[in-house]
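See below for the structure under consideration.
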Amino acid sequence: MKYLLDVNVLVALGFLHHEFHDRVALWLRNEKFPQLLTCSITELGFVRVLAQAPGYAFSTQQARSLLLKLKKNRVVPMSFVADENDISKLPAWVKTPRQTTNGHLLELAAEHGAALATLDRAIPGAHVIP
């Protein structure tokens, strides 16, 4: 199975002290290490969250380096998917500004034959990591 990781899953996977790191790691082991995907939105979100949130104390460069190292990991390989979707692909269920990125990522995942892996139960049709 292929999964496009949303920002919260990517951060939890990459940051060992994240409150959901163990949950995401266990899911990956149970899924027998599926094919993982990232995209511009999730990669930029990873860097933004780690560099902006006071609890992480990463510089932008440190967050970037961590993500590059994570993507080269042979145990959990990740592939990058290009994003050519414009606003016309936004799903009809998106009604609020807070839903726009989730809706976009859900459509991008489907376009690449993947499920959107998330910790957010409010995204219709996404795979919520148990």
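The values are calculated or read from the model by the stated rules, or taken from the named source; none is laboratory data. Since the model is a prediction, treat every value here as computed from it, not as a measurement. Here the Cβ is made from the backbone with ideal geometry for all residues, glycine too, and neighbour counts use every protein chain on show.
Structural remarks
- For the range 72-102, residues that are within 18 Å of Leu10 (Cβ to Cβ) and touching a Ser or Thr at 6+ places or on another chain (Cβ under 7 Å) total 3.
- Residues that are at pLDDT 90 or above, in contact with a helix residue (DSSP H, G or I) (Cβ under 9 Å, 6 or more places away or on another chain) and within 18 Å of Arg23 (Cβ to Cβ) within the range 71-121 comprise Ala115, Leu116, Ala117, Thr118, Leu119, Asp120, listed in sequence order.
- Every listed requirement among (1) in a helix (DSSP H, G or I); (2) under 16 Å from Ala126 (Cα atoms); (3) touching a strand residue (DSSP E or B) at 6+ places or on another chain (Cβ under 8 Å) is met by Leu36 save one, (1).
- Looking at Leu26, Leu16, Leu37, just one residue is under 14 Å from the mean Cα position of the chain (by Cα) and either without any contact (Cβ under 8 Å) to a residue 24 or more places away in the chain or closer than 25 Å to Pro130 by Cβ (or both), and that residue is Leu37.
- Residue that is farthest from Ala115 (Cα to Cα), among those in the range 69-88 that are under 14 Å from the mean Cα position of the chain (by Cα) and not in a loop (DSSP other than H, G, I, E, B): Leu70
- Residues being within 15 Å of Thr38 (Cβ to Cβ), small (Gly, Ala, Ser) and outside any strand (DSSP E or B) - total across the range 97-130: 2
- The range 73-100, subset touching a strand residue (DSSP E or B) at 6+ places or on another chain (Cβ under 9 Å) and of a type outside the set (A, V, I, L, M, F, W, C), residue surrounded by the most Cβ atoms within 10 Å (Cβ to Cβ): Ser79
- Identity of the residue in the range 17-63, of a type in the set (A, V, I, L, M, F, W, C) and modelled with pLDDT under 90, that ends up surrounded by the fewest Cβ atoms within 10 Å (Cβ to Cβ): Ala57
- Scanning the range 2-33 for residues that are assigned to a helix (DSSP H, G or I) and touching a strand residue (DSSP E or B) at 6+ places or on another chain (Cβ under 6 Å) yields one hit, Val9.
- Contact map, the range 62-86: first residue farther than 27 Å from Thr100 by Cβ, second residue assigned to a loop (DSSP other than H, G, I, E, B) and of a type outside the set (Ser, Thr, Tyr), Cβ cut-off under 6 Å, separation 6 or more or different chains; the map is empty.
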